[in-house]
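Input: a single structure, listed below in structure tokens.
The values are calculated or read from the model by the stated rules, or taken from the named source; none is laboratory data. Remember, it's a predicted structure, so these values are computed and weren't measured experimentally. Every residue, glycine among them, receives a Cβ derived from its backbone with ideal geometry; neighbour counts consider all protein chains shown. To get the accessible areas, we keep the full protein, side chains included, count just its heavy atoms, and leave off ligands, DNA and RNA. Shrake-Rupley method; radii C 1.70, N 1.55, O 1.52, S 1.80 Å.
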Amino acid sequence: MDLLEAYRRSLAEFIDRVDQVGPGQWSDPTPCPGWDVRTLVNHVVGEDRWSVPLLAGRTIDEVGSRFDGDLLGADPAVAAREAAAQAEIAAVHPGAVDRTVHLSAGDTPAEEYLSQLLAEHLVHGWDLAVAIGAEPRMDPDAVRVCARWFAGRVDDYRRGDLVRPEVPLPADADEQDHLLSAFGRDPDWVPGS
């Protein structure tokens, strides 16, 4: 599976989980310390909103503060679907994956940026699923693409305190659990743990 297909699947999977959030679940805790469901979804929607101008060649300064604050409004599911649809269009636009993206960390190949977004959607999609009691299984092919990419970056992420320490796993852990553990997630997390 190529990166764009994995990214598209991760977007769809995340939105499917947003659509499953019940009316009383927006303030429920997630595996992300200090983040409730609404905060987590708002974060991912922000990533989706940012990806459109960044993949078009805009700089952080050009985008400014337009994506600060609450991006979900009165209907978070609709806001998330719209943001994901625009992000997908930006990513699959001819030549987008070959561009350079101007991130706060410096100029970055778009392929690297899309790999980061793939990880965001997969891992935060899992966070959302376990927070609301939805099916937490991720697309195995997208997990494989993400795990291959992250294996070469995990040390940099740890040095930069971008992920929590790896969680110990049993010997029979599968590829999804290994990816979650690498991102500092306990695959057995449940609300209240």
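Let me confirm something: among R99, R17, which residue is of a type in the set (K, R) and open to solvent by less than 80 Å² (accessible area, probe 1.4 Å)? I'd like the intermediate steps shown before the answer.
Details: R99 fails: open to solvent by less than 80 Å² (accessible area, probe 1.4 Å).
The conditions single out R17.
Quick check: anything in the range 130-139 in a helix (DSSP H, G or I), open to solvent by less than 40 Å² (accessible area, probe 1.4 Å) and of a type in the set (D, E)?
Residues of the range 130-139 in a helix (DSSP H, G or I): 130-132.
Adding the requirement that they be open to solvent by less than 40 Å² (accessible area, probe 1.4 Å) leaves 130-132.
Checking which are of a type in the set (D, E) leaves us with none.
Within the range 130-139 (the criterion being in a helix (DSSP H, G or I), open to solvent by less than 40 Å² (accessible area, probe 1.4 Å) and of a type in the set (D, E)), the answer is no, since none of the residues qualifies.
Can you tell me how many residues in the range 143-162 are part of a loop (DSSP other than H, G, I, E, B) and closer than 17 Å to L3 by Cα? Full working, then the answer.
Taking the range 143-162 as the starting set, the residues that turn out to be part of a loop (DSSP other than H, G, I, E, B) are 152-153, 160-162.
If we keep only those that are closer than 17 Å to L3 by Cα as well, we get 152-153.
Of the residues in the range 143-162, 2 are part of a loop (DSSP other than H, G, I, E, B) and closer than 17 Å to L3 by Cα.
Which one is nearest to W35 (Cα to Cα) among residues in the range 173-188 that are part of a loop (DSSP other than H, G, I, E, B) and hydrophobic (A, V, I, L, M, F, W, C)?
Taking the candidates together, the pick is F183.
From the list P170, P165, P191, which one is touching a strand residue (DSSP E or B) at 6+ places or on another chain (Cβ under 9 Å), in a loop (DSSP other than H, G, I, E, B), at negative phi and surrounded by fewer than 18 Cβ atoms within 10 Å (Cβ to Cβ)?
Details: P170 fails: touching a strand residue (DSSP E or B) at 6+ places or on another chain (Cβ under 9 Å); P165 fails: touching a strand residue (DSSP E or B) at 6+ places or on another chain (Cβ under 9 Å).
So the residue among P170, P165, P191 that is touching a strand residue (DSSP E or B) at 6+ places or on another chain (Cβ under 9 Å), in a loop (DSSP other than H, G, I, E, B), at negative phi and surrounded by fewer than 18 Cβ atoms within 10 Å (Cβ to Cβ) is P191.
Quick one: D156 ticks every box in (1) surrounded by fewer than 17 Cβ atoms within 10 Å (Cβ to Cβ); (2) closer than 30 Å to G192 by Cβ except a single one, so which number is it?
Here D156 meets the rest and fails (2).
If you check A56, A83, A79, A87, which single one turns out to be among the hydrophobic types (A, V, I, L, M, F, W, C) and either over 18 Å from I15 (Cβ atoms) or modelled with pLDDT under 95 (or both)?
Details: A83 fails: either over 18 Å from I15 (Cβ atoms) or modelled with pLDDT under 95 (or both); A79 fails: either over 18 Å from I15 (Cβ atoms) or modelled with pLDDT under 95 (or both); A87 fails: either over 18 Å from I15 (Cβ atoms) or modelled with pLDDT under 95 (or both).
None of the others qualify; the one that does is A56.
Need a quick list: helices (runs of 4 or more DSSP H) entirely within the range 26-108 having at least 2 residues that are within 16 Å of the chain's Cα centre (by Cα) and either in contact (Cβ under 8 Å) with a residue 12 or more places away in the chain or closer than 21 Å to L122 by Cα (or both).
Values: elements: 37-55, 60-63, 76-92.
Per the criteria, 37-55, 76-92.
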